[in-house]
Amino acid sequence: MPKIYFLDVTNRDGGQTAKLGLSKLEKTLINVYLNELGVFQSEFGFPTTRHESLYLKANLELVAMGLLKPIHLSGWIRAVVSDVETTFKMVPEIRHLNLSISTSQQMIYGKFQGKKNHDDIISEMTEAVDAARKHGCETVGVNAEDASRTELKYLIKFGLAAKEHGADRLRYCDTLGYDNPFSIYDTCKKLAEATEMPIEVHCHGDLGMAVANSLGGAKGALDGGQDVYINTTINGIGERAGNADLVAVILAVLKSKDFAKKYEIGDKIDLKKANKIAKFGSYAFDVPIPINQPGVGANAFAHASGIHADGVLKDPHNYELYGFEELGRGEPELVETGREICSGQYGGFSGFSYLMGKMKEPICFATKEEANDVLELVRYANVEAHKPLVEDELRFIAKYPRIAKKLLTLTPLE
Ligand SMILES: [Zn+2]
C-alpha cells in the first residue's frame with residue numbers, strides 16, 4: 001500500500017522568503033529537529049550557492065557521524081546540466097537532489113520568452129537527470145514548477161521522460177497556490193496513474209488552501225497507487241503567502257475525518273516534538289506564531305466562553321480534537337522577568353560560563369582553553385544571528401565545535 005512521507009523545505013523555500021532569513025547554525029538546528037520529529041527528508045539548501053557550501057558540507061558530515069539519521073538531506077538546483085556539474089564540484093558528498101524547471105504555458109511564454117519551447121524543457125531536464133545519475137546521485141526528484149498551470153498531457157510526458165532517464169520522483173508544484181483540494185486531487189491521481197511515479201505535492205497559500213491542497217494532492221497520488229511526499233515548511237513560512245505548515249499538515253493527515261483510517265504515514269512521526277520545532281522556527285525567522293495557529297498557537301487550547309469552558313472541563317473531547325500533550329505542550333515555561341544574562345557578539349568569559357552552567361544539563365569544559373574556543377565560536381554565531389542564542393544552539397556549538405566553525409565561516413570569493 002502506498003504511503004505518505006513528509007519532505008520539509010523550510011531550509012530552501014522558507015530560507016528564500018523575502019525579508020526573512022536563517023543563519024547557517026539555525027538551518028542546522030532545523031535539520032536536527034526535523035530528524036527528531038521523524039520527517040523523511042529536509043531540502044536543506046542550494047548547493048550551487050557559494051555561501052551555502054560549508055553549511056551543506058558540515059550537515060553532510062553530521063549525516064556521516066550518525067547525528068542526522070535517518071533523515072535524507074537534499075539540495076535544490078535548476079534542472080540544467082551546468083547546475084548539476086557545479087553542485088558536484090562544490091558539494092561532492094551530496095546524494096539527493098531535486099532538479100527544478102518551469103513547465104507551464106505562462107512560464108514558457110512569459111518567462112523564457114521564446115528562448116525555450118516545450119521540447120527544450122524536457123531535453124534540458126533529462127540531460128540534467130542523466131548528469132546527476134552519472135555523478136552517483138542516489139535520489140533524483142524532478143520538479144515541475146508551476147505544474148498547476150501546466151497542461152496535464154504535457155505534465156505526464158514530462159514525468160515519463162524524467163522516469164525513463166532514472167528520476168525517482170515527480171514534484172507537482174502548485175507554485176502560485178492556484179489549485180483547490182478537488183483540482184489537485186484529480187491531477188495528482190491522473191499523474192500517479194499515468195507515470196507510475198511517486199509524487200511530491202508542493203503547495204502554496206495564496207488562496208489560503210496550502211494545507212487542504214496538500215491533503216487533496218496526497219489523496220490523489222495515493223489513490224493513483226503511488227507514494228506521496230508532502231512538501232511543508234515550519235509555521236508555513238515561505239514565498240509570499242507561504243507554504244503548507246508542517247505541523248498543520250501532520251495534524252490534518254492524522255486527525256482529520258477518517259483520513260488516517262485509510263492512509264498511512266511511512267515514517268514514525270514523534271508529534272511530541274511539534275511544539276518545540278514551531279517555537280524554534282518562530283525564534284529563527286523572528287516571526288511570531290499566530291495566536292490561532294493549529295496545534296501550536298497560544299489559543300489552540302484556550303477556552304473562555306461559558307459553554308465551551310464548561311464542556312472542556314467535563315471532557316476535553318467535547319471541544320478539543322486532540323490533546324495538547326500530544327504536541328509536546330503543557331510543560332511550564334520559565335520566562336525571565338528580572339536580570340538576564342544573554343550571549344552576544346561582544347560577550348565575555350564570565351557571562352558565558354554562567355550561561356553554560358545554568359542549563360538543565362550544565363556543560364563543563366575540560367580546560368579553560370577549550371571553554372575559550374567555544375566562547376569565541378558563540379561570539380561569531382551571535383554576529384550572524386543578531387539575537388541571543390538559545391540553549392540548543394549553545395549546546396550544539398559546545399558539543400560540535402569543529403562543525404560549528406564550518407557553519408560560521410563565510411568567505412566571499414576574491
Ligand atoms: Zn515553493
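Any read-out appearing in this document is the output of simple, stated calculations on the displayed coordinates, not a laboratory observation. None of these values were measured; they are calculated from a predicted model. Here Cβ is always computed from backbone atoms with ideal geometry, including for glycine, and neighbour counts include all displayed protein chains.
For the chain, what is the charge dipole size about the Cα centre, in debye to the nearest 20, if Lys and Arg each add +1 at the Cβ and Asp and Glu each add -1 at the Cβ?
260 debye
On the first, second and third principal axes, largest extent first, how far apart are the outermost C-alpha atoms of region 175-286 in Å?
In descending order, the Cα extents are 43, 30, 24 Å.
Which whole DSSP H helices in the chain pass both tests: a Cα extent of 30 Å or more along the axis and a mean Kyte-Doolittle value no lower than 1.0?
Counting only whole DSSP H runs, no helix qualifies.
How far apart, in nm, are two points set 7 Å out from the Cα along the Cα-to-Cβ line at Lys111 and at Glu151?
With each label point 7 Å from Cα toward Cβ, the separation is 1.9 nm.
Compute the length gained on full extension between Thr337 and Asp223: take 0.36 nm times their separation in residues and subtract their Cα-Cα distance, giving the result in nm to one decimal.
Here the answer is 35.7 nm.
Quote to one decimal, in nm, the extra length available between Lys268 and Glu36 on full extension: 0.36 nm per residue of separation minus the C-alpha distance between them.
Full extension from Lys268 to Glu36 adds 82.5 nm.
Determine, at each q value in 0.11, 0.23 (inverse angstroms), the log₁₀ of I(q)/I(0) that the Debye formula gives when each Cα of region 40-122 is one equal point scatterer.
For region 40-122 at q = 0.11, 0.23 Å⁻¹, log10 I(q)/I(0) is -0.37, -1.01.
So, R0 is 45 Å and r is the distance between the beta-carbons of Asp119 and Glu376; what FRET efficiency does that work out to, to 0.05?
So the FRET efficiency works out to roughly 0.20.
How do Ser100, Ser353, Ser82, Ser214 line up, fewest other C-beta atoms within 10 Å first?
Ascending Cβ contact count within 10 Å gives the list Ser82, Ser353, Ser100, Ser214.
List the relative contact order of region 20-114 as a percent without decimals, with contacts defined as Cα pairs under 8 Å and 6+ residues apart.
Contact order relative to length: 27 percent.
What nm value, rounded to one decimal, do you get for the distance between Ala366 and Asp258 when each label is placed 7 Å out toward the C-beta?
Reported label-point gap for Ala366 and Asp258 is 6.2 nm.
Going by C-beta contacts inside 10 Å, put Met209, Met1, Met90 in order with the fewest on the left.
Fewest-to-most ranking of Met209, Met1, Met90: Met1, Met90, Met209.
Would you kindly calculate the translational diffusion coefficient of the chain, applying Stokes-Einstein with the Kirkwood radius from alpha carbon pairs, for 20 °C and a viscosity of 1.002 mPa s, and quote it in µm² s⁻¹ without decimals?
Reported coefficient: 95 µm²/s.
Name the residue, out of Arg149, Arg339, Arg395, whose mean-square fluctuation peaks in a Gaussian network model built on the chain with Cα pairs under 10 Å.
Of Arg149, Arg339, Arg395, the Gaussian network model singles out Arg339 as fluctuating most.
Assuming R0 = 35 Å, what is the FRET efficiency of Phe324 and Ser183, from their Cβ-Cβ distance, to the nearest 0.05?
0.50
Between the alpha-carbon centers of region 274-335 and region 1-71, tell me the distance in whole angstrom.
26 Å
Just to be sure I understand: of the beta bridges DSSP finds with both ends in the chain, what percent are antiparallel, rounded to 5?
Around 5 percent antiparallel, to the nearest 5.
Under a plain spin-label model, where a point goes 7 Å from the Cα along Cα-to-Cβ, how far apart in nm are Leu410 and Met359?
Result for the modelled spin labels: 2.4 nm.
For the chain, what does the helix formula give at 222 nm: sum of -39500 (n - 2.57) over DSSP H segments with n ≥ 4, over the residue count, nearest 500 deg cm²/dmol?
Helix-only estimate at 222 nm: -13000 deg cm²/dmol.
At a Förster distance of 41 Å, what's the computed FRET efficiency of Arg133 paired with Gln345, Cβ-Cβ distance as r, to 0.05?
Between Arg133 and Gln345 the formula returns 0.40.
If you average the sequence gap of Cα pairs under 8 Å that are 6 or more apart and divide by the length of region 220-264, what percent do you get for the contact order?
RCO, region 220-264: 24 percent.
Using alpha carbon centroids, what distance separates region 209-263 and region 378-414, in Å?
A separation of 33 Å, based on Cα centres.
Test of understanding: ordering Cys203, Cys342 by Cβ neighbours within 10 Å, fewest first, what list do you get?
With the fewest neighbours first, Cys203, Cys342 line up as Cys342, Cys203.
Roughly how far apart, in whole Å, are the Cα centres of region 125-144 and region 341-366?
So the separation of the two Cα centres works out to 46 Å.
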